[in-house]
Amino acid sequence: MMRVAWGVSGLLPVRASDPGSDPACDTRIVESPMEPTMCLYSKAERKIQNSGMAVEELQAIIKRCQILEEEDFKEEDFGLFQLAGQKCLEEGYIAQVLDILENEKNKVIIKSMGWNLVGPVVRCFLCHKEEVDKRGECLKMLDLLVKLCHPKELLLGLLELVEEATGNQISEVLLLLLEPLQTVIQKLHSKKAYSVGLTLSTLWSQLSLLPVPYTKEQIQKDQHGLGQCCKALVTFTRPFVEEVVKNKGHPLENSKEELKAELLKFCFKSLKYPLLTAQFIEVLEENEEDPLKSFASEIIGFILAIGDSLPKVIFQHGRKEKCWNNPDLEEEEGSQLAESMASLAYLVFVQHISIDQFPLVLSPLYLLQYNMDHIEVLLKRAEESVSSKGLELLENSLLRMEDDSLLHHYLEIRTFLTVPQRLVKVMTFCPIETMRKKGLKVLQLYIDKLDSQGKNILFRCLLKTSNHAGVEGYVIQNIKNQIDASLKRAEDRKWFTGPQLVSLLDLVLVLPEGAETDLLQTSDRIMASLNLLRYLVIKDNESDNHTGLWTELKKIETNFLKPLHTGLNMSKAHYEAEIKNKKETRRESHNPNNTPKNICSVMVGGEKMPDIPNMTPEMQLQVLHSALFTFDLIESVLARVEELIELKTKPTSEETSRLK
């Protein structure tokens, strides 16, 4: 049998006007090494174009080939058949081509040559969006080609069409070709696993180009067809899953093991896209389901059907023992499995998909420990749709636990310290206010679950790593609350009184840069520190000294109070001078010969930013006065602290008399 050697990228014809085409010999078979065949192909096209009668030419080719056996078809016949058929479809002779395909006498011809018409038929279908009859005829032709043609060539042709789709055509082409692809693969008894893997990989690559809907309205509208495609993909994949499930529990032959591996790879890819970034809307219209949540349920169902138990699948990430012995999946883990597993954990524990597969005996602490890896993966991502899932998964895990039940030993596990640091990044860098507030809420929840020693360790860590005055001020407020709770109870007060508290106060009651510290930039931290010191002076008497404050008072005055006095004097003098200069500049600006100068700068992260040219003089003055107000506020609290210290340390009248 003589057949044309088609490459994958040569399945669809290239128009003669394409850049780089040779006018002398228009090569249509892109990857074929058969130069004579390419020339015959170009001659065939010229013959058809010159005649202008594609239907007659197609009928002539059919008539000539009807009397031949399949092995007697010539290379020129393949080229003539495709070009004539394509020309007929382009000129609107769809019914005539359908008649030829339906003719029983042409069965052998269609079996050998028909797959070349898949591309023209699909393009014809896409072109006639409003003409139902023509679309129906195209679908009949596609069904006939799938039924009659050699499956191997047909599979390559269909996948080529999937890869070529762009923009709004992606979902339309996928929905059109998924059923034909399924039928063709079922015919391929040998290398079925490879065909399934190649097809699913191609489909997923195209699907990943579609934007994931975010709002309720976008989900309902499904403008880009992602929801429909996901539903169709489930239908496409299910027969192959069932084929593996039939033999589950028994040793699988190599082909079934390979098929299982390909299906698992697709499922974990789907957990990453679209499910990792998908937003699941709880309240839709009556009897309306969220297509992406339904897709998630189906994908998890597939994993459970052909893989291991859900606890083993989720908890395998980051452990030495894997829940499958397959090198392909080990390779997959290195590239994307971490995010897929995190997505799976979110779907199970927050969306409660297949949550009934988890044993009730697993403690909340055990679940938190194994979920921390997944939480960290989610919080690392900058997209709100992903990091918000990390917040939800952490919150969900913590709410199951009692306060003070998370022992400090767990902070020796890396993620138990890195996750709260990730929360700090969400709180300080996320541009969305609701996310920042949620991050703060979850951080406080995490603090509440730690035991006293754990809280002490976490506070030290955050004070050293946050590099944000607002966060440091929040931590210091928490320290104050823990001191207050410790002083009110008789037990478990070690970590926020005495020597342990003193070493913690060394991190709190200090100016990072001494008197030269940017007091405006660190005002939140300074105010929180002063309020803590005021609380300690009021709450703890010098005779009791439960907190250790009074033995450390000299050091506190040297490292904190005196440098703060100096810094306030310097800062106030600087800003008062700036206000004076600004007022003079404003007066000069009324003189048309003078150009106003900007003297107001903005400090961000401790670094001086360029002047803001659009800030009016009045706005600049307002900023400067606001800074002075902050300094006055700090100074007033500082004065009150020093007054309280003096009152507490001043000898009573009785003691004074005795000393005399």
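The values are calculated or read from the model by the stated rules, or taken from the named source; none is laboratory data. All figures in this text were calculated on a predicted structure; none of them were measured in a lab. Backbone-built Cβ (ideal geometry, glycine too); neighbour counts: all protein chains shown. Ligands, DNA and RNA are excluded from the accessible area calculation, which covers all protein heavy atoms including side chains. Shrake-Rupley method; radii C 1.70, N 1.55, O 1.52, S 1.80 Å.
Measure off 7 Å from each Cα along the Cα-to-Cβ vector at residue 405 and residue 465, then give the distance between these two points in nanometres to one decimal.
Between residue 405 and residue 465, the simple spin-label model gives 2.5 nm.
Over the Cα atoms of the range 335-445, how large are the radius of gyration and the largest Cα-Cα distance (Dmax), in Å?
Over the range 335-445's Cα set, Rg and Dmax evaluate to 13.5, 40 Å.
Could you state the per residue volume, in Å³, of the convex hull enclosing the Cα atoms of the range 84-136? The partial results should precede the final answer.
Numbers: hull volume 3.7 nm³, N = 53.
With only Cα atoms used, the range 84-136 gives 70 Å³ per residue.
So what is the diffusion coefficient of the range 199-257 in µm² per second by Stokes-Einstein at 25 °C and 0.890 mPa s, using a Kirkwood Rh over Cα pairs?
On the way: Rh = 13.7 Å.
Here the translational diffusion coefficient equals 179 µm²/s.
So what are the range 206-316's ellipsoid semi-axes, whole angstrom, largest first, if each one is the square root of 5 times an eigenvalue of the alpha-carbon gyration tensor?
29, 14, 13
Using the heavy atoms of the protein chains and a 1.4 angstrom probe, tell me the accessible area per residue for the range 463-549 in square angstrom. Numbers along the way, then the final one.
Details: 3860 Å² over 87 residues.
Spelled out: the 1.4 Å probe surface of the range 463-549, per residue, equals 44 Å².
Could you name the lysines in cross-link range of residue 134, using Cα to Cα under 19 Å and dropping any fewer than eight places away on the same chain?
87
Could you look at the range 345-410 and say what percent of its accessible area is carbon and sulfur, using a 1.4 Å probe and all protein chains?
Numbers: 1420 of 2790 Å².
Heavy-atom surface of the range 345-410 belonging to carbon and sulfur, 1.4 Å probe: 51 percent.
Which pairs, out of 187/272; 389/464; 187/248; 231/389; 191/256; 269/441, put more than 21 Å between their alpha-carbon atoms? Provide the component values of the computation, followed by the final result.
Working: 187/272 31 Å; 389/464 27 Å; 187/248 23 Å; 231/389 23 Å; 191/256 10 Å; 269/441 32 Å.
Correct reply: 187/272; 389/464; 187/248; 231/389; 269/441.
Answer with one residue from 486, 508, 523: the one whose Cα lies farthest towards the positive end of the charge dipole of the range 455-565, charges on Cβ with Lys, Arg +1 and Asp, Glu -1.
486
Using amide H atoms built in the peptide plane, which far-off residues or other-chain residues are under 5 Å from residue 406 H to H?
450, 451
Please compute the length gained on full extension between residue 238 and residue 255, using 0.36 nm multiplied by the number of residues separating them and subtracting their Cα-Cα distance.
Working: separation 17, 0.36 × 17 = 6.12 nm, distance 1.72 nm.
Answer, rounded to one decimal: 4.4 nm.
Hey, can you find the accessible area per residue of the range 88-234 for me, probe 1.4 Å, expressed in square angstrom?
On the way: 6670 Å² over 147 residues.
Value for the range 88-234: 45 Å² per residue.
Which one, 410, 424, 393, projects farthest toward the positive side of the charge dipole computed for the range 376-476 from Cβ point charges (K/R +1, D/E -1)?
424
I'd like the GluC sites (Glu not before Pro) in the range 485-570 restricted to DSSP loop residues with at most 13 other Cβ atoms within 10 Å, sorted by number. Intermediate results must be reported in sequence, preceding the final value.
On the way: sites: 491, 513, 516, 542, 552, 557; in loops: 491, 513, 542.
Here the sparse-neighbourhood loop sites are 491, 513, 542.
Pick out, in residue order, every one of the GluC sites (Glu not before Pro) in the range 343-410 that is DSSP loop and has at most 14 other C-beta atoms within 10 Å; say none if there are none. Don't jump to the answer; show the numbers that get you there.
On the way: sites: 376, 383, 384, 392, 395, 402; in loops: 383, 402.
For GluC sites (Glu not before Pro) across the range 343-410 that sit outside H, G, I, E and B with at most 14 neighbouring Cβ atoms in 10 Å, the list reads 383, 402.
Between residue 380 and residue 147, how high is the FRET efficiency from 1/(1 + (r/R0)^6) when r is the Cβ-Cβ distance and R₀ = 56 Å? Nearest 0.05.
The calculated FRET efficiency here is 0.65.
Using the alpha-carbon centroid of each, what span in Å lies between the range 466-509 and the range 156-204?
62 Å
For the range 198-250, which trypsin sites (Lys or Arg not before Pro) are both in a DSSP coil and crowded by at most 15 other Cβ atoms within 10 Å? All intermediate terms of the calculation are to be shown ahead of the outcome.
Details: sites: 216, 221, 231, 246, 248; in loops: 246, 248.
Here the sparse-neighbourhood loop sites are 246, 248.
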